[in-house]
Amino acid sequence: MNRREFLEGSLGAVVAAGAMAGRAGAGEAPDDGLISPRQAKLAVRPVMTNMVHTGVWEGPCRWRAIGVDQERANAEARFAGWPKQLAARLGQQPGVELLPAVHVTFDEQFKLTAEQAAKLTRDGRAPDVLFISPGGASVIAYDVARRLEKPMILEWGLNCRTVDIASYARSMGVETFVPAGDEELRKLLVLLRARKVFRETAVLFPTDRGLPPVASVSSINDLADLEKRHGVRVVQIGYKELAAEMDRALGADAERAKAEEVADRLVRGAAHSYLDKGLVARCVQFCHTARKLMARHKCNAFTIECFEFCSSRLPERWKITPCLTHTMLKDEGFASSCEADLGGLLSMRLLMSVAGKSSHLGNTFLRPGGLLAINHSASGLRLNGFDQPGLPYKLGRFVSSGWGAKAVVDFTNNEEKRATVVRIDPTASRMLVLRGTLEGSDGWEGDNLGCSVEARIKPVEGRAEDFVRKQLDYGNHLIWTYGHYADEMRQLGEMLGMEVEVVG
């Protein structure tokens with residue numbers, strides 16, 4: 001097998017190719033009906049405002065008057081090429097949908113008429129955000145945003161008009177942004193989309209016990225408050241439903257054959273496998289089961305409480321652990337966390353949306369040399385990007401008797417060494433971020449049991465110990481991926497009403 005075949009045969013590639021989802025094509029709904037948050041679009045409505053007077057005169061705001069017909073023609077000419085110019089400026093930005101642009105005109109009464117307002121929704125498309133080119137006067141741009149009750153982004157950069165509109169609109173409760181240039185605009189759209197995806201998160205949580213988890217009590221445990229402030233829903237189902245679906249899948253010949261096909265590809269794509277292919281297929285079937293239940297309950301994220309699940313004896317009966325499910329879901333763009341840790345899961349949701357990459361979640365440890373260790377056997381492989389080849393991997397076993405498939409990764413075997421670490425606190429009101437550098441990795445060599453896949457990260461500035469001390473208020477599990485995104489995470493946290501602390 002050459003390197004290209006090895007990389008393209010990675011676990012993440014198997015999922016992205018659709019083997020788990022009946023080989024659904026790009027952009028198509030998989031056969032279980034589950035749509036990844038990667039497919040979510042931020043709908044942007046471009047709106048240009050222009051003033052067209054009812055007559056001709058000169059004065060303090062009109063020092064060179066032209067005829068009404070000419071003024072109207074000039075306004076239409078400015079608008080005519082503007083949508084294409086905007087599309088060219090943004091390029092093919094993933095996750096952004098430019099709705100048809102609207103031209104709003106007004107006269108010296110400075111009012112948004114019913115006729116002009118109707119243009120904003122005439123096509124029946126509801127935007128997530130307005131992009132406004134505010135010609136003519138400040139008040140109309142505000143009226144457009146107020147009428148649609150949507151955030152607005154102002155064109156033209158920082159100047160007298162945009163700061164005038166922004167300060168008033170913000171004082172009136174209308175969220176307003178003024179990017180200084182196209183690059184800042186593109187980054188802002190990424191953050192707005194990430195916020196939309198976050199607010200549309202619905203987590204499937206199989207449990208008979210509920211919250212708090214026995215070993216991740218620093219999870220977010222007030223679910224009513226979480227939904228009220230952030231829109232995040234958590235759907236709890238009993239183990240009876242989980243077991244019924246898994247047992248049904250195990251007894252279905254077609255589903256068993258599909259799982260065996262995926263398992264075969266996973267084993268062939270691995271650098272080494274420490275467990276039998278049939279036991280890999282069992283874990284694939286559990287991932288299928290999680291997906292089916294997520295689709296049934298209209299969820300797009302998953303977690304399960306490892307200690308409660310273990311005590312139920314269901315994992316032993318099925319010869320599975322959730323590790324491979326977390327890996328595969330993350331590589332498709334779904335947030336999926338260990339131990340019913342909602343703080344970790346939502347940290348993951350934000351970081352993956354901003355970075356466009358999968359992630360690794362793990363327990364916190366301090367290692368010699370001032371290093372922060374993050375250790376769990378549920379890393380994603382698409383840590384260089386969802387559209388990039390997955391990292392090389394092995395298939396490890398979780399328990400001594402040989403079952404419980406997990407992906408094993410050597411994080412240092414990658415050109416990128418920059419890293420961003422994130423954790424949301426138990427109240428979902430604060431975010432802790434570390435800007436660091438990957439200094440080491442563990443778990444690749446040998447047949448290691450349990451949670452054995454570790455990344456060791458050093459802060460760019462400051463001490464790892466100081467960061468971990470801050471975790472006394474934030475909780476255990478940390479989420480990280482390659483690249484530096486601390487500035488983006490700070491801005492996104494503030495857009496969500498969270499306090500953000502950045503270390504390094």
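Taken together, the values in this text are just the output of simple stated rules run on the coordinates, not laboratory data. Remember, it's a predicted structure, so these values are computed and weren't measured experimentally. Heads up, the Cβs are rebuilt from the backbone with ideal geometry, glycines too, and the neighbour counts pull from every protein chain shown.
Here are a few things to note about the model shown:
- Under Karplus coefficients 6.51, -1.76 and 1.60, residue-wise ³J(HN,Hα) of segment 38-50 in Hz, glycine/proline x: 4, 7, 5, 10, 8, 7, 10, 9, x, 10, 10, 10, 9
- Ordering of 296-303, 221-228, 339-346 by packing [mean C-beta count within 10 Å, highest first]: 339-346, 296-303, 221-228
- The chain: relative contact order as a whole-number percent, Cα under 8 Å and 6+ apart: 15 percent
- Legend: calculated FRET efficiency, Glu149 to Leu250, from the Cβ-Cβ distance at R0 = 56 Å, rounded to 0.05, equals 0.70.
- Counting every other Cβ atom within 10 Å of each residue's Cβ, Cys306, Cys451, Cys338 order from fewest to most as Cys451, Cys306, Cys338.
- Euclidean distance between Cα centres, segment 383-410 to segment 202-248, Å: 25 Å
- For Trp63, Trp480, Trp444, order by how many other beta-carbon atoms lie within 10 Å, fewest first: Trp63, Trp444, Trp480
- Summing charges over neighbours of Arg62, with a neighbour being any other residue whose Cβ is under 14 Å away from its Cβ, gives -3 when K and R count +1 and D and E count -1.
- Positive-end residue, segment 227-376 charge dipole about Cα centroid, Cβ charges, pick of Ser336, Leu314, His230: His230
- When each of Met348, Met498 is scored by the number of other beta-carbon atoms lying within 10 Å, the sequence from fewest to most is Met498, Met348.
- For Ala301, distant residues with modelled amide H under 5 Å away: Ala202, Leu204
- The charge dipole of segment 42-177, taken about the Cα centre with unit charges on the Cβ atoms of Lys, Arg (+1) and Asp, Glu (-1), comes to about 180 debye, rounded to the nearest 20.
- Helix 342-355 vs. the chain, principal-axis angle (Cα, 0 to 90°, nearest 10): 60 degrees
- Evaluated with a Cβ-only charge set (Lys, Arg +1; Asp, Glu -1), the chain carries a dipole of roughly 320 debye about its Cα centre, given to the nearest 20.
- Cβ-Cβ FRET estimate between Glu183 and Glu499, R0 fixed at 25 Å, reported to 0.05: 0.40
- With respect to the chain, whose longest principal axis is taken over its alpha-carbon atoms, helix 68-80 is tilted by about 20°.
- Per residue convex hull volume, Cα atoms of segment 180-252, in Å³: 154 Å³
- Cross-link pairs Lys292/Lys357; Lys228/Lys357; Lys41/Lys292; Lys258/Lys417; Lys119/Lys298; Lys240/Lys330 - those with Cα-Cα distance over 31 Å: Lys258/Lys417; Lys119/Lys298
- For the chain, the longest principal axis of the C-alpha atoms and the axis of helix 277-296 are separated by about 40°.
- Gyration tensor (alpha-carbon) shape descriptor, the chain, a/c threshold 1.5: prolate
- Where GluC sites (Glu not before Pro) fall in DSSP loop in segment 85-159, at most 16 other Cβ within 10 Å: Glu108, Glu149
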